[in-house]
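Notes for the one structure printed next.
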Amino acid sequence: MRLTLTILCLLLLAPLALEAQGTSQDVEARLKALEERIRQLEAELATLKAAPGPAAPASAAAPPTAAQVPTGAAGAGGPAGQLPVYGGSSALSKIFNPDISVIGDFVGAVGKNSVNPFPSLEMHETEVGFQAIVDPYARGDFFLSFGHEGVELEEGYLTFTSLPAGLLVKAGKMRSDFGKVNLLHNHNLPWIDRPLATDNLLGGEEGLNDAGVSVSRLLPAPGDTFLEFTGQVLRGESEELFESSRRSDVAFVGHLKGYRDLTESTNLELGGSIARGHNDFGSDFVTQIYGFDATLRWKPLRRAIYRSFLFRSELTWSRRREPLDIQRAFGFYSMAEYRLTRRWTAGGRYDWSERGQDARQHDSGGSLVLTFWPSEFSQVRGQLRRTRYAENSTAYELLFQLLFNLGAHGAHPF
């Protein structure tokens, strides 16, 4: 009986024992597999640590910061600051693809002007810009202007940013550093037209714009004053202003600019300019132009996008030698602009100018300007203009303008 019970118990417990044994073997197999996998991962990690590290991301090396770019890389704005990063793209994308921008300038006019009328509707200008950093020592800026008269190179120059003695050098075709308005492209003006002094004494819309070499340098100044001198040698060909009859008939431009913060929100800029070149009567006849400009800015740091004020005035003297006489002419403009809200600005301008080729005649006028910014890439502007011309003709006009920007366009000089 005992033997029978013993055999019965063994038969009942045998399956349980076999199952336990199988479970133990399965667990051991899994543990061995996990240990093997851990060894493999450790080996792979050691291999990765021993291999050379990956190259730094292009986006980290691309932006030209102050540590990478020598002092004096602000380009056309002056020898202080950093090279601009157009569009925030990486360095690799800049090697073969410069920043490209297109700016449209559409204008129209209603009213009567028998002396110098605006067209009723016109795509006044389409500017295409190509801007890029060439290497750590230079950058290039090219601007093509498309208008109803064809295509021309408005500006195209190379800026060398890391020369000895703190010099900043530009070579190419450029707007000369004479005063303030002459430097500005049409789309960067606070008005639709240009002042009468620019039209009568500085060659009109093209102004002092010629091929040449420009050298700028910061000068020692007391306190927190910023002082910069720019000297330029130009070919001597500026429409209605300078004309070169022989190779040696080059033109010269000099500009001294001083800037100082008056308060946390207010700054003052003063400048003096001189230009000398030969006129259309030949190599023995010279035109000299002198200029003075003053700019007062108020921009509260915490409210600058909602409230700001700008006052500017430029005075211009012209001395033009002719075969039988010397024409001495004077002109000036004064303007003010106030930011009403984030999107609206209002301003006005007064003009008075004698004519460079006949100082006995003079023109005068005034304008009221209202600008709306739908976004940072577009502007809608209206300008009510009254002009009294030397021909005893008075013009009353309402001008309007639509500006729009596509692509990455670098900042203009301050």
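The values are calculated or read from the model by the stated rules, or taken from the named source; none is laboratory data. These numbers come from a predicted model, not from an experiment. Here the Cβ positions follow ideal geometry from the backbone for every residue, glycine too, while neighbour counts run over all protein chains shown.
When you look at residue 258, is it within 21 Å of the chain's Cα centre (by Cα) and either hydroxyl-bearing (Ser, Thr, Tyr) or assigned to a strand (DSSP E or B) (or both), yes or no?
Spelling it out, residue 258 is indeed within 21 Å of the chain's Cα centre (by Cα) and either hydroxyl-bearing (Ser, Thr, Tyr) or assigned to a strand (DSSP E or B) (or both).
Output the number of residues of segment 227-252 satisfying the condition of being touching a Lys or Arg at 6+ places or on another chain (Cβ under 8 Å) and modelled with pLDDT of 95 or more.
Matching residues across segment 227-252 total 7.
Restricting to segment 305-332, name every residue that is under 24 Å from the mean Cα position of the chain (by Cα) and under 29 Å from residue 279 (Cα atoms).
Matches in segment 305-332: 313, 314.
When the residues of segment 388-402 are filtered to those that are polar (S, T, N, Q) and in a strand (DSSP E or B), which remaining residue is surrounded by the most Cβ atoms within 10 Å (Cβ to Cβ)?
Among those residues, the one meeting the criterion is 401.
Look at segment 403-414 and say how many of its residues are surrounded by 14 or more Cβ atoms within 10 Å (Cβ to Cβ) and either of a type outside the set (Phe, Trp, Tyr) or not in a strand (DSSP E or B) (or both).
Total meeting the criteria: 7.
Within segment 156-208, which residues are in contact (Cβ under 8 Å) with a residue 24 or more places away in the chain, closer than 18 Å to residue 337 by Cβ and assigned to a loop (DSSP other than H, G, I, E, B)?
179, 180, 184, 185, 190, 191, 192, 193, 195
Could you tell me how many of the residues in segment 234-273 are farther than 27 Å from residue 308 by Cα and exposed (fewer than 14 other Cβ atoms within 10 Å of the Cβ)?
3
Could we say that residue 385 is within 26 Å of residue 329 (Cβ to Cβ), surrounded by 15 or more Cβ atoms within 10 Å (Cβ to Cβ) and basic (Lys, Arg) here?
Yes.
Starting from residues that are more than 19 Å from the chain's Cα centre (by Cα) and at pLDDT 90 or above, keep the ones in segment 147-156 and report whichever is farthest from residue 171 (Cα to Cα).
151
Look at residue 356 and say whether it is touching a helix residue (DSSP H, G or I) at 6+ places or on another chain (Cβ under 6 Å), crowded, with 20+ Cβ neighbours inside 10 Å and either under 30 Å from residue 272 (Cα atoms) or without any contact (Cβ under 8 Å) to a residue 24 or more places away in the chain (or both).
yes
Of the conditions (1) free of Cβ contacts under 8 Å to residues at least 24 places away in the same chain; (2) in contact with a Ser or Thr (Cβ under 6 Å, 6 or more places away or on another chain); (3) small (Gly, Ala, Ser), residue 366 clears all except one; give me its number.
So the condition that residue 366 fails would be (2).
In segment 260-283, what residues are in contact with a strand residue (DSSP E or B) (Cβ under 8 Å, 6 or more places away or on another chain) and either acidic (Asp, Glu) or within 20 Å of residue 335 (Cα to Cα) (or both)?
Hits for segment 260-283 are 261, 265, 266, 267, 268, 269, 270, 271, 272, 273.
Mind listing whichever residues of segment 209-227 are part of a loop (DSSP other than H, G, I, E, B), small (Gly, Ala, Ser) and more than 14 Å from residue 257 (Cβ to Cβ)?
223
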